[in-house]
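J.: Before I ask anything, let me first share the structure, which is written out below as C-alpha cells.
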C-alpha cells in the first residue's frame, strides 16, 4: 500500500482561513490577569464612619409612605394593601404618576430579603424613585 502526499513541488497552497489561535491565547492570558487582580481591588478595611451632618431634604406637601411592618404587612399611607395589588394601589394613590417619590420605611425587625422583595415589586410596578426613611441619629457617631 502506498501513499502519495505531494507531487514534489515546493508550492504551498494559500490558506484563506483566519488563524484565531493567537487571539485565544491573548484572551486567556488577560483572563488570568483579571482573575488574579480582581480580588486585590476590593477593600476589606473596617472603618467606623461618622454620622452624616447633611441637612435633611424638605418633605413634599403630601408624602406617600409605603410601610412594611414586622409581621410583613404592607401599608400605603395608613391603608393596608395586599402585596399582589401593590402596583394598582400605588397607581390609585399617585394618579398613575410613576415619577412620584415613594417614601419606603420598614420595621427594624424586617429581614433584608423582605425589603428587597417589596423594592422589586415597586420596580416591577414602574416606581423607580424610592426614598428610604430612617430615624436621625442625634449624638451617636
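The values are calculated or read from the model by the stated rules, or taken from the named source; none is laboratory data. Remember, it's a predicted structure, so these values are computed and weren't measured experimentally. Counting neighbours? That spans all protein chains shown, and the Cβs are built from the backbone with ideal geometry, glycine included.
J.: Let me confirm something: among 71, 10, which residue is modelled with pLDDT of 85 or more and surrounded by fewer than 10 Cβ atoms within 10 Å (Cβ to Cβ)? Spell out the reasoning first.
T.: On the way: 10 fails: modelled with pLDDT of 85 or more.
Result: 71 is the single residue among 71, 10 that is modelled with pLDDT of 85 or more and surrounded by fewer than 10 Cβ atoms within 10 Å (Cβ to Cβ).
J.: Then there's this: Residue pairs, Cβ under 9 Å, 6 or more apart or interchain, first in region 21-50 and part of a loop (DSSP other than H, G, I, E, B), second modelled with pLDDT under 65 and surrounded by fewer than 10 Cβ atoms within 10 Å (Cβ to Cβ). List them.
T.: 48/141; 49/141; 50/141
J.: Still on this model: Please state which one of 99, 91 is over 24 Å from residue 135 (Cα atoms), outside any helix (DSSP H, G or I) and out of contact with any helix residue (DSSP H, G or I) (no Cβ under 6 Å at 6 or more places or on another chain). Before the answer, list the steps.
T.: Numbers: 91 fails: outside any helix (DSSP H, G or I).
None of the others qualify; the one that does is 99.
J.: Ok, one more. If I ask for residues that are touching a residue at least 24 places away in the same chain (Cβ under 8 Å) and either more than 12 Å from residue 67 (Cα to Cα) or loosely packed, with under 14 Cβ neighbours inside 10 Å (or both), which ones from region 93-107 would you list? Talk me through it step by step, then tell me what you get.
T.: Step one: filter region 93-107 for residues touching a residue at least 24 places away in the same chain (Cβ under 8 Å), giving 93-94, 98-107.
Residues satisfying the conditions are 93, 94, 98, 99, 100, 101, 107.
J.: Looking at the structure I just gave you, is residue 88 touching a strand residue (DSSP E or B) at 6+ places or on another chain (Cβ under 8 Å) and surrounded by 10 or more Cβ atoms within 10 Å (Cβ to Cβ)? Can you show your working first?
T.: On the way: touching a strand residue (DSSP E or B) at 6+ places or on another chain (Cβ under 8 Å): no; surrounded by 10 or more Cβ atoms within 10 Å (Cβ to Cβ): yes.
So residue 88 does not fit the description; no.
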